[in-house]
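Working notes, beginning with the structure itself.
The values are calculated or read from the model by the stated rules, or taken from the named source; none is laboratory data. Small disclaimer: the values here were computed from a predicted structure and weren't measured. Using ideal geometry, Cβ is built from the backbone for each residue, glycine included, and neighbour counts are taken over all protein chains shown.
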Amino acid sequence: MTGLLRRIAWNLRHRWRRVFALLVLGGGVAAPLVSGVWWTLPLVWFFGLFVALPVLHTLTKPLPDATDGARNADAESPDPALDALRERYARGEIGDEEFERKLDRLLETEDAETADGVRSTDNDLTDRVRDGIRREMERARE
């Protein structure tokens, strides 16, 4: 039962626009039956789909972080070794421990190559890459 509840919660969180549109359509069909006035159907549909839905979508749209620009710059120049490691892990050629070990070795190598005396930015980049890899691993396990 928890799987069903988790799936329903996920659908409501990620597909709420579809659910809202279906509720508006149903409400529009039910409005003339409840009120007895025929013009409530297009009125409910218009305000629900062309006013409320775009407003709710705009209000719930996540704002981009200040770090997104840095991530986009990283995405434009991908590391082929890191991509190859991710692909091998995704295909199942290497396990979790070997992936972590090779990732650490790869990141240490990058740190040694890019060391300009500014270690804080390298460590931040390394931490962000590790966090991203761990999130990807958790998503792959689900």
Neighbours by Cβ (under 6 Å, 6+ apart or cross-chain): first from the stretch 98-119, assigned by TED's automatic domain parsing to the domain that holds Glu87; second polar (S, T, N, Q) and at pLDDT 70 or above: Leu107/Thr126
Of (1) farther than 30 Å from Ala21 by Cβ; (2) exposed (fewer than 12 other Cβ atoms within 10 Å of the Cβ); (3) at pLDDT below 65, Gly95 fails just (3)
